[in-house]
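See structure below.
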């Protein structure tokens, strides 16, 4: 729905979301951005007109990455920033343009990226810049982190490739999943697993004890943050997408018969319910875990605040008709009862009364 502003221009109905997490900044984000582009240009990433330097810069990855891990050591922030810029390049190759071309790109690049993950010592002379840069980041990770962290990072990126494959299959089939299935798929799509694992590794708090990072409460918090990141992106990108695109608004419209305006409000209510859960569960979990895990939980919160701000301002989602963000003081629905979607309802069971 559009409304007319006082100056006579039109604007989309505002997105009103409950997110009481203050936006943070990393003091070295701008410097790290320059280093990240030097790294990408050493691999001639922008030598192909299909990967424009200006478009990559416009993703503003350094700013949003710095807002997610504001206390990260500069060398680890460099990896995170470069990984995010590179990730948007891959996202565009797999998620933009004709389906046949996107599928061709996936079939060409996915096996090479898997080879880099699992056999970094293997030599291949015909890899494109997207793969050689990924290999360099994989080696950089080896030098700056532990073998266990590298393993988790590799597993998370394989999950990202699975997410892309599922989205391509859904686009070919032309159908939308149900709400519960969609929320589960959003734990894989949009690279959120790769983003949260890389944030964990690069955040500066140290390696998490395995018994804590694998606990149901921490798994629920990580998944909830990942789903929220993708739902925020859905809310702000919907105006640029087709009605059959994988987006929570389209899924709600398809499943419940709601018109897009009502579906948007239903999506906001889902976001607010998940945010209420996240804040309460994080509050309950933080006193019972190590300093490293508490730092990770803090960064999950920073991530939600930073990603919401980025979704609202990024050129990837904005259109000629603006949509404003209003941060509500209270959630539209403060209930701590589980949402009626089996794929995520178990998160609420981690709360203790």
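The values are calculated or read from the model by the stated rules, or taken from the named source; none is laboratory data. What you see is a predicted model; the values in this text were computed from it and never measured. FYI the Cβ positions are ideal-geometry reconstructions off the backbone, even for glycines, and counts take in every protein chain you see.
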- [ ] Please determine, by comparing only the residues of region 12-25 that are more than 15 Å from residue 303 (Cα to Cα) and surrounded by 14 or more Cβ atoms within 10 Å (Cβ to Cβ), which one is modelled with the lowest pLDDT.
- [x] 12
Open item on the list: Please count how many residues of region 173-190 are touching a residue at least 40 places away in the same chain (Cβ under 8 Å), crowded, with 22+ Cβ neighbours inside 10 Å and not in a helix (DSSP H, G or I).
Closed with: 1
Open item on the list: Here are the criteria: (1) crowded, with 20+ Cβ neighbours inside 10 Å; (2) within 21 Å of the chain's Cα centre (by Cα); (3) under 27 Å from residue 222 (Cα atoms). Tell me which single one residue 110 does not satisfy.
Closed with: (1)
- [ ] Might you check whether a residue that is in contact with a strand residue (DSSP E or B) (Cβ under 7 Å, 6 or more places away or on another chain) and touching a residue at least 24 places away in the same chain (Cβ under 8 Å) occurs anywhere in region 242-260?
- [x] no
Task: Top-ranked residue in region 161-172 [being closer than 30 Å to residue 207 by Cβ and free of Cβ contacts under 8 Å to residues at least 40 places away in the same chain; ranked as surrounded by the most Cβ atoms within 10 Å (Cβ to Cβ)] - done: 163
Open item on the list: Against the conditions (1) more than 20 Å from the chain's Cα centre (by Cα); (2) not in a helix (DSSP H, G or I), where does residue 292 fall short? Just the number, please.
Closed with: (2)
Task: Those residues of region 27-54 which are part of a helix (DSSP H, G or I) and surrounded by 15 or more Cβ atoms within 10 Å (Cβ to Cβ), in sequence order - done: 29, 32, 33, 35, 36, 37, 39, 40, 45, 46
- [ ] Taking the residues in region 257-266 that are on the phi < 0 side of the Ramachandran plot and not in a helix (DSSP H, G or I) as candidates, determine which candidate is modelled with the lowest pLDDT.
- [x] 258
- [ ] Output yes when any residue across region 202-210 is buried (at least 19 other Cβ atoms within 10 Å of the Cβ), in contact with a strand residue (DSSP E or B) (Cβ under 9 Å, 6 or more places away or on another chain) and either at pLDDT 95 or above or assigned to a loop (DSSP other than H, G, I, E, B) (or both), and no when none is.
- [x] no
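Okay, residues lined up against (1) crowded, with 21+ Cβ neighbours inside 10 Å; (2) at pLDDT below 95; (3) in a helix (DSSP H, G or I):
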position: 234; (1), (2), (3): yes, yes, yes
position: 246; (1), (2), (3): yes, yes, no
position: 249; (1), (2), (3): yes, yes, yes
position: 255; (1), (2), (3): no, yes, yes
position: 277; (1), (2), (3): yes, no, yes
position: 282; (1), (2), (3): no, no, yes
Open item on the list: I need the full set of residues from region 296-346 which are in a helix (DSSP H, G or I) and more than 19 Å from the chain's Cα centre (by Cα), in order please.
Closed with: 342, 345, 346
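Name the residue, out of 269, 286, 225, 220, that is modelled with pLDDT of 95 or more, surrounded by fewer than 20 Cβ atoms within 10 Å (Cβ to Cβ) and touching a helix residue (DSSP H, G or I) at 6+ places or on another chain (Cβ under 8 Å). Quick ask: steps written out before the conclusion?
Details: 269 fails: touching a helix residue (DSSP H, G or I) at 6+ places or on another chain (Cβ under 8 Å); 225 fails: surrounded by fewer than 20 Cβ atoms within 10 Å (Cβ to Cβ); 220 fails: surrounded by fewer than 20 Cβ atoms within 10 Å (Cβ to Cβ).
Checking each option against the conditions leaves just 286.
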- [ ] Examine region 142-150 for a residue that is crowded, with 17+ Cβ neighbours inside 10 Å, touching a residue at least 40 places away in the same chain (Cβ under 8 Å) and outside any helix (DSSP H, G or I), and state whether such a residue exists.
- [x] yes
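Kindly indicate the residue of region 312-332 that is modelled with pLDDT of 90 or more and touching a helix residue (DSSP H, G or I) at 6+ places or on another chain (Cβ under 7 Å) and also farthest from residue 281 (Cα to Cα) among those meeting that condition.
Taking region 312-332 as the starting set, the residues that turn out to be modelled with pLDDT of 90 or more are 326-332.
The next check asks that each one be touching a helix residue (DSSP H, G or I) at 6+ places or on another chain (Cβ under 7 Å); those that pass are 331-332.
Details: 331: 16, 332: 19 Å.
That would be 332.
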